[in-house]
Amino acid sequence: MAAAYRMRTGAGFPLDEAICVYDLAERLGIEVRFVPIPSLEGMYCRELGPAIILSALRPAGRRVYNCAHELGHHSNGDGTRIDQIVDGLTQNWIDPQEFAADCFAGALLMPKMAVQRAFVLRNWTIPDCTPGQVYTIANYFGVGYSTLVYHMRSTLRSLSNSHAAELLRIKVGHARAQAVGWESADQVWIVDSQWKGRAIDVEVGDAIVVHGRRILEGDSIVQVQDSRDEVLFRAVKPGISKLSDGSNWAAFVRVSRCGFVGRGIFRHLEEEEDEGSRDY
């Protein structure tokens, strides 16, 4: 935990807000690459400069966590490490270096101060949080629904075992429906005025529910629905757009291709500028 906090603050990221783990890696001089390998979770290779290799076939939240895990290997001074999927299970889970990297990843992505602040700012309480609220906060940190539940239960110890079990019995699709008020098979990102500290990173095809009226700049996302309380946007092509309320709040929306393959620094480039990114 101390090492994760040092990495955050040393790179200029506060402990009370969410971060983009890929931006952190870039700031540390660590290249991130995405590759289409089904059996791979992630790989850390110090000899490459260093570099982190991630499977482009994992869900977005899983890729974020895997990147943080590999940063744990970097922080711990480990050599080359390969995390693979065999028969649907992550291997080496009893390896002390892997356990340490997992602990590092949780602390890096979800510091206690940031998680508590995210709930407090929305006038929610962690001990009796609902599935929809957990889904919303997990969106903000860029991690999966169950990842946040496990972290609040086992690491932060802010959730009782019984309440965590109740939350984990809820499928992520049902939690998402509770958060947005309607069923969706697509990834839905929930953005409110408390979304601060990092860009809104999505993929083509993702939906973005924004609370309150917003001004859109750019064409990588388009507005598809407008109501009195919220606006629905859809990510339609790689690029960077901007949402703002015209006064105090603004956030960049960075769109990448679904299952992007290539160097991480190219993931948001528009299609006509991105031909070289396939050379990973």
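The values are calculated or read from the model by the stated rules, or taken from the named source; none is laboratory data. Note that the structure is a prediction, hence the values are computed from the model and not measured. Positions of Cβ are backbone-derived with ideal geometry, glycine not excepted, and every protein chain shown enters the neighbour counts. Remember, those area values only see protein heavy atoms, side chains included, never the ligands or the DNA or RNA. Shrake-Rupley method; radii C 1.70, N 1.55, O 1.52, S 1.80 Å.
Among the residues making up segment 160-171, those that are under 21 Å from the mean Cα position of the chain (by Cα) and open to solvent by less than 70 Å² (accessible area, probe 1.4 Å) are ALA164, LEU167, LEU168, ILE170. Restricting segment 67-86 to residues that are assigned to a loop (DSSP other than H, G, I, E, B) and open to solvent by 40 Å² or more (accessible area, probe 1.4 Å), the residue that is farthest from LEU28 (Cα to Cα) is THR80. Scanning segment 153-176 for residues that are of a type outside the set (S, T, N, Q) and touching a residue at least 40 places away in the same chain (Cβ under 8 Å) yields a total of 4. Contact annotation: residue pairs with Cβ atoms under 8 Å, 6 or more positions apart or on different chains, pairing a residue in segment 113-133 that is among the polar types (S, T, N, Q) with a partner that is open to solvent by less than 70 Å² (accessible area, probe 1.4 Å) and not in a loop (DSSP other than H, G, I, E, B), are THR125/PHE119; GLN133/PHE119; GLN133/ALA179.
Mind checking which residues of segment 9-26 are assigned to a helix (DSSP H, G or I) and exposed (fewer than 15 other Cβ atoms within 10 Å of the Cβ)?
First, the residues of segment 9-26 that are assigned to a helix (DSSP H, G or I): 9-10, 21-26.
Listed by number, the residues that qualify are THR9, GLY10.
If you go through segment 126-146 one residue at a time, do you hit one that is open to solvent by 70 Å² or more (accessible area, probe 1.4 Å) and of a type in the set (Val, Ile, Thr)? Checking segment 126-146: not a single residue is open to solvent by 70 Å² or more (accessible area, probe 1.4 Å) and of a type in the set (Val, Ile, Thr). Given the structure, is ARG6 farther than 21 Å from TRP195 by Cα and crowded, with 17+ Cβ neighbours inside 10 Å? No; evaluated as a whole, the condition is false for this residue. When segment 172-231 is filtered for residues that are β-branched (Val, Ile, Thr), in contact with a Ser or Thr (Cβ under 7 Å, 6 or more places away or on another chain) and crowded, with 20+ Cβ neighbours inside 10 Å, the ones remaining, listed by number, are ILE190, ILE221.
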